[in-house]
1. Looking at this structure, is residue 111 among the polar types (S, T, N, Q) and either closer than 15 Å to residue 201 by Cα or not assigned by TED's automatic domain parsing to the domain that holds residue 203 (or both)?
2. Exactly one of (1) surrounded by fewer than 16 Cβ atoms within 10 Å (Cβ to Cβ); (2) closer than 13 Å to residue 72 by Cα is unmet by residue 182. Its number?
3. Only one of these is surrounded by 13 or more Cβ atoms within 10 Å (Cβ to Cβ) and of a type in the set (Asp, Glu): 177, 152. Name it.
4. Answer yes or no as to whether residue 187 is among the hydroxyl-bearing types (Ser, Thr, Tyr), free of Cβ contacts under 8 Å to residues at least 60 places away in the same chain, assigned by TED's automatic domain parsing to the domain that holds residue 90 and over 25 Å from residue 98 (Cβ atoms).
5. Within the stretch 179-188, can you find the residues that are in a helix (DSSP H, G or I) and of a type in the set (A, V, I, L, M)?
Amino acid sequence: MLPRSDWVFAECPNPNCRLRFPFDLAQFSGKYCPKCGAELKITSKRLSQNADMPASPNPRGHRQMIGLLDNVRSALNVGAIFRSADGAGMAKLYLCGITPTPAEQEAVARTALGAEKRLAWEHANNAVEIAQSLLAAGHKLVVLEPTEDALDIFSWQIPADWQAVVLAVGNEIAGTDPGLVRVASLTLKLPMTGLKGSLNVASAFSIAAYQLQFGRSCQ
């Protein structure tokens, strides 16, 4: 659990600067603006929101959801996915292939901000083998990948009887292993209207996890 601490919001009175920012009193005790050197004015104080909070009840009922990270290379992305997975009520993350783990890279835990301690996780060398074992156990495998036949995640409604779902995302550059796509129960994509064809993997995972958990179901 992360310790609770006092945070101060300060404002620079210099009319040519006016920097306004928060800082943790346990980490920073300076009185002067880090940009212009003027003496800071304290505007307000609040208790840190980084401490673990009780899980919010989900009136729609949780699905059993698992995340599968297929060779995600960035520790920062993995840490962000831990936070999103915890928030979306996932039961576990499988960190597969070269995906960094909290035990290996401090940056994962630094970005996860404690979620890596609340959420079960396991490393596996082979994502396809893990997916096949989860499918055999009755899970549905949803791969987030913009393939030609992928469905728009906001147009598709998750079947009400899909109560055990695995959400898989792939490498930031190479994409998801075609072996995972072949065994998937379904392939979904996020609609893109700009120049780029996809979002950052942590952003995409977060959107998909919340849509699968809290979006509308087919009756």
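The values are calculated or read from the model by the stated rules, or taken from the named source; none is laboratory data. This one's a predicted model, so the numbers in the text were calculated from it and none came from an experiment. Backbone-built Cβ (ideal geometry, glycine too); neighbour counts: all protein chains shown.
1. Spelling it out, residue 111 is indeed among the polar types (S, T, N, Q) and either closer than 15 Å to residue 201 by Cα or not assigned by TED's automatic domain parsing to the domain that holds residue 203 (or both).
2. Among (1) surrounded by fewer than 16 Cβ atoms within 10 Å (Cβ to Cβ); (2) closer than 13 Å to residue 72 by Cα, residue 182 violates only (2).
3. Testing whether each residue is surrounded by 13 or more Cβ atoms within 10 Å (Cβ to Cβ) and of a type in the set (Asp, Glu) leaves just 177.
4. Criteria not met by residue 187.
5. 180, 181, 183
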